[in-house]
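Colleague: Once you've had a glance at the structure underneath, I'll fire off some questions.
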Amino acid sequence: MKKKIIRVTTVPLSLSGLLSGQLRFMSHHYEVIGVASKGNNNELALVNEREGIRTVAIEMSRKITPWKDLKAVWQLYKLFKKEKPFIVHSHTPKAGTLSMIAAKLAGVPHRLHTIAGLPLMEATGLKRTLLNTVEKITYACATKIYPNAFGLVDIILEHNFTNKAKLKVIANGSSNGIDTKFFNPIPYDNLQDRKEFKAELKIDADDFVFVFVGRLVADKGIHELIAAFTKLKETHNHITLLLVGTYEPELDPLNEETLKIIK
């Protein structure tokens, strides 16, 4: 019988995006269970299909929602007691907090949490104090913390979220490595193809293109990026900034001035 590993993210997009291919690979050696919210269009079911693993829907919110969070901890606790995994591995802040607490209460021997960013760094005042406390609780409940960059290690230690012995960066830092077949520039090495692609995006053929890929939110530095590009544009005519991502007006909205410049 294979040992069980439960991977937890707040939303299913993180399971399918951050861990693409990894879950299927690990299922050759372990019984892998993916846990996340169902998603608006049942995206969790797509993880089941693409990765070939069993999935369990437990609703989790990226917002601060005390009652929903307590309910999710209870559901995770019951799941862990039932499945008896030897590892629970979480990603994303809210899933990390809820699943690490539940896993510790359920007696899971190996409780791993990957850090791919620290949104709390943008918070101030009482909210920042609360998030700092929650972060420390998450790390205290985990048996190992995996920041995906050495810079995150410095920040974590600077704010005394945990001790150095509990931290480990895998290789040079990554959540899932790089698929070199997918990220292969050779198929796009043809000059004419590049010109046609630029034309599709209504970008001048001679423009140098800066590309940002990620969530279009304040936490990702979009305000600063737009301000810097606007200033650069004053002295450089043939440049374009291409933003690839989604807005999150309910969680972390951009201000009106930045949105106006983008549009």
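Colleague: What FRET efficiency comes out for the pair Asn172/Lys82, r = Cβ-Cβ distance, R0 = 51 Å, nearest 0.05?
Modeller: 0.85
Colleague: I want to verify a result. In a Gaussian network model of the chain, Cα cutoff 10 Å, which of these has the top mean-square fluctuation: Gly117, Gly221, Gly177?
Modeller: The residue with the greatest mean-square fluctuation here is Gly221.
Colleague: Given springs between every Cα pair under 10 Å in a Gaussian network model of the chain, which of Ile178, Ile226, Ile170 has the largest fluctuation?
Modeller: Judging by the Gaussian network model, the answer is Ile178.
Colleague: How much net charge surrounds Asn48 when only other residues with a Cβ under 13 Å from its Cβ are counted (Lys, Arg +1; Asp, Glu -1)?
Modeller: Local charge sum for Asn48: +2.
Colleague: Using a Förster radius of 22 Å, what is the FRET efficiency between Thr65 and Glu158 based on their Cβ-Cβ separation? Nearest 0.05, please.
Modeller: 0.15
Colleague: Here is a follow-up. Could you tally the net charge around Cys141, taking each other residue with its Cβ under 9 Å from the Cβ of Cys141, Lys/Arg +1 and Asp/Glu -1?
Modeller: Neighbourhood net charge equals +2.
Colleague: Relative contact order for segment 27-115: what percent, with Cα pairs under 8 Å and sequence separation of 6 or more?
Modeller: Value for segment 27-115: 22 percent.
Colleague: Additional query: Put a dot 7 Å past each Cα toward the Cβ at Arg50 and Asp193; how far apart are the dots in nm?
Modeller: For Asp193 paired with Arg50, the spin-label model returns 2.2 nm.
Colleague: Then there is this: Please compute the alpha carbon radius of gyration of segment 186-262, then divide it by the globular-protein estimate 2.2 N^0.38 Å. Two decimals is fine.
Modeller: This ratio for segment 186-262 stands at 1.24.
Colleague: Met26: net charge of surrounding residues, Cβ under 13 Å, Lys/Arg +1, Asp/Glu -1, itself excluded?
Modeller: Within the 13 Å Cβ shell, the charges total +4.
Colleague: Of all the Cα-Cα pairs you can form in segment 69-147, what percent are over 21 Å apart?
Modeller: Above the 21 Å cut-off, segment 69-147 has 25 percent of its Cα pairs.
Colleague: If you don't mind, another one. FRET efficiency for Leu225 and Glu31, Cβ-Cβ distance as r, R0 = 51 Å, nearest 0.05?
Modeller: Using R0 = 51 Å, I get an efficiency of 0.75.
Colleague: Quick one: length gained pulling His238 to Asn184 fully straight, 0.36 nm per residue minus the C-alpha distance?
Modeller: Taking 0.36 nm per residue and subtracting the Cα distance, the gain is 16.8 nm.
Colleague: Same structure, new question: Loop-only GluC sites (Glu not before Pro) in segment 46-80, please: DSSP not H, G, I, E or B, and at most 16 other Cβ atoms within 10 Å.
Modeller: Within segment 46-80, the qualifying GluC sites (Glu not before Pro) (loop, at most 16 other Cβ atoms within 10 Å) are Glu59.
Colleague: Got a sec to turn the phi values of segment 32-38 into Karplus ³J(HN,Hα) couplings, 6.51 cos²θ - 1.76 cosθ + 1.60 with θ = phi - 60°, whole Hz, x for Gly and Pro?
Modeller: 9, 10, x, 10, 6, 5, 5
Colleague: Quick check: the angle from helix 125-141's long axis to the longest principal axis of the chain, C-alpha only, nearest 10 degrees?
Modeller: It works out to around 50 degrees.
Colleague: Take the alpha carbon atoms of the chain, find their radius of gyration, then divide it by 2.2 N^0.38 Å using N residues; give the quotient.
Modeller: Taking N as the residue count of the chain, the ratio is 1.13.
Colleague: Using a Gaussian network model on the chain with a 10 Å cutoff between Cα atoms, which of Ala218, Ala103, Ala72 fluctuates the most?
Modeller: Its mean-square fluctuation being the largest, the pick is Ala218.
Colleague: Are there chymotrypsin sites (Phe, Trp or Tyr not before Pro) in segment 123-209 that DSSP puts in a loop and that have at most 16 other Cβ atoms within 10 Å, and which ones?
Modeller: Sites meeting the loop and neighbour criteria: Phe182, Phe183.
Colleague: Same structure again: Reachable aspartates and glutamates from Lys4, Cα under 13 Å, same-chain residues fewer than 8 places away excluded?
Modeller: Filter leaves Glu31, Glu83.
Colleague: Still on this structure, please answer the following. Taking 0.36 nm per residue of separation and subtracting the Cα-Cα distance, what length does fully extending Asn40 through Arg215 add?
Modeller: Answer, rounded to one decimal: 61.3 nm.
Colleague: Something else now. What value, in deg cm²/dmol to 500, does the helix sum -39500 (n - 2.57) over DSSP H runs of n ≥ 4 give at 222 nm once divided by the residues of the chain?
Modeller: It lands at -12500 deg cm²/dmol.
Colleague: Something else: Viscosity 0.890 mPa s, temperature 25 °C: what is the translational diffusion coefficient of segment 132-233 from Stokes-Einstein with a Kirkwood Rh over Cα pairs, rounded to a whole number of µm²/s?
Modeller: 138 µm²/s
FYI, it's all coordinate maths here, none of it is from the lab. On a predicted model such as this, the values are computed, not experimentally measured, just so you know. Cβ: placed from backbone, ideal geometry, glycine included. Neighbour counts: every protein chain shown.
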